[in-house]
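The values are calculated or read from the model by the stated rules, or taken from the named source; none is laboratory data. What you see is a predicted model; the values in this text were computed from it and never measured. Don't worry about glycine lacking a Cβ; one is built from the backbone with ideal geometry, like all the others, and counts go over all protein chains shown. Keep in mind that these areas ignore ligands, DNA and RNA; they rest on the heavy atoms of the full protein, side chains included. Shrake-Rupley method; radii C 1.70, N 1.55, O 1.52, S 1.80 Å.
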Amino acid sequence: MAAALRERHVERLIDSCYADLEKPALTTEVLRRLPGILPVEAAFFASVDPATLLFTSAVAQDPLAGATPLFLDNEFARADVNKFAALARGPEPVMSLDRVTRGERSASARYREIMAGLGLGDELRAALVVGHECWGVLCLHRADAEAGFSAADLDVVRRLAPHLAEGLRRDVVHQALTGDGAATAGRPGVIVLDQGLSLVSISPDAEQWLARLEGPEIQGLPMPIYSVAAQLARTPDASPQAAHQPGSVRLRTADGQWLSLHATRLRGRAGEQIGVVVEPAPAAELGSLLLAAHGLTPAQSRVTALVLQGCSTREIVARLHVSGYTVQEHLTAVFARFGVSSRRELIAAVLAPKGR
């Protein structure tokens with residue numbers, strides 16, 4: 001009977017992932033169904049920007065919520081096992097702490113410095129990947145006891161993970177196609193934080209944008225703002241990542257507007273600070289997000305990105321060093337994916353979302 005009830009919860013949760021639920025409704029369904037599938041002490045469920053793996057929304061159950069800054073510091077600044085980024089980019093997207101440490105939980109700084117103090121033991125993490133992209137993460141915790149997650153527990157999460165990813169991906173496709181997108185009006189806002197990520201100053205425009213974001217706050221900042229700033233603050237100047245552009249994330253406000261957040265370092269008389277620019281998402285950024293959401297292969301995305309820039313087949317051949325036949329083959333697949341028959345229709349489908 002217990003196995004049958006668990007299977008019923010699994011099947012209903014999978015069905016919910018294909019019901020085109022908006023993200024808050026899907027999150028509610030995930031957290032409602034999980035206790036009937038796995039015994040857990042607390043859960044963390046978040047959507048991420050597939051380009052950066054930064055959180056765009058998140059729900060953390062107690063006692064995790066109060067320790068969110070510590071978990072983020074561990075994720076971005078500390079060497080540790082079972083990081084979300086490693087799971088998303090590696091061959092195994094689902095793994096438990098006990099298995100990766102061979103039962104030696106104290107080998108993890110996250111366990112020693114955060115989880116043990118909260119009375120938490122084994123931790124099961126999953127990168128929610130479908131196609132070539134990660135759309136979210138799931139983290140489940142057990143109470144601090146000798147028994148952790150079993151092989152059967154990992155198997156059921158492996159079964160659920162791609163469906164949860166599909167539910168999050170479908171929300172992005174729906175919102176990108178029906179939202180106001182690049183037509184969003186408004187001026188960029190600026191937020192200045194100190195090295196401890198405490199607020200130093202904020203422009204009136206940024207205040208207006210932040211008032212339209214939902215979800216938990218950390219140190220008075222919406223989680224996406226805090227996470228994009230934390231990633232930059234915890235990345236040393238001398239690291240290889242510092243040579244790249246500042247971190248950014250794309251997300252949707254409660255009233256359907258698409259925003260881009262960009263973090264950068266500021267240096268002046270007050271010492272080093274972190275600046276976060278909040279602005280309406282440009283059409284090109286929404287376009288790349290929609291390409292990812294439609295499950296294009298990396299090669300198809302490269303060709304499509306050049307089409308969106310107005311490049312001819314000859315120019316695409318020269319820039320990608322492929323044949324004209326290969327370009328056309330990729331475009332045929334992309335046209336089919338978007339349900340269009342020409343480059344003009346493709347550009348309209350990607351860069352000109354319909355009004356709501």
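Which value, in Å², gives the accessible area per residue of the chain when a 1.4 Å probe is used on the protein heavy atoms? Let's see the in-between values first.
Working: 16360 Å² over 356 residues.
Result: 46 Å² of accessible area for each residue.
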Considering the options F338, H9, S108, tell which one lies farthest towards the positive end of the dipole of the chain, charges being +1 on Lys and Arg and -1 on Asp and Glu at the Cβ, about the Cα centre. F338
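Multiplying the sequence separation of A211 and A79 by 0.36 nm and subtracting their Cα-Cα distance, what value in nm do you get?
Values: separation 132, 0.36 × 132 = 47.52 nm, distance 3.45 nm.
Extending this stretch completely gives an extra 44.1 nm.
How large a share of the accessible area of the stretch 30-82, in percent, is made up of carbon and sulfur atoms when the probe is 1.4 Å and the other protein chains stay in place?
Its accessible area is 55 percent carbon and sulfur atoms.
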For the chain, what is the largest minus smallest coordinate of the Cα atoms on each principal axis, given in angstrom and ordered from greatest to least? 62, 60, 39
Of all the accessible heavy-atom surface of the stretch 109-173, with the other protein chains kept in place and a 1.4 Å probe, what percent is carbon and sulfur? 52 percent
Quick check on the chain: helices-only [θ] at 222 nm, where DSSP H runs of length 4 and up contribute -39,500 (n - 2.57) each and the sum goes over total residues. Nearest 500, please. -13000 deg cm²/dmol
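By how many nm would the segment from V173 to D194 lengthen if fully extended, with 0.36 nm per residue of separation less the alpha-carbon distance?
Working: separation 21, 0.36 × 21 = 7.56 nm, distance 3.57 nm.
Extra length available between V173 and D194 comes to 4.0 nm.
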With all protein chains present, calculate the accessible area of D73 using a 1.4 Å probe and round the result to the nearest 10 Å². 50 Å²
Roughly how far apart, in whole Å, are the Cα centres of the stretch 69-143 and the stretch 253-306? 26 Å
Cα→Cβ-extended label distance, 7 Å offset, between A145 and R6, nm: 1.5 nm
Using only protein heavy atoms and a 1.4 Å probe, report how much of F149 is accessible, in Å² to the nearest 10. 10 Å²
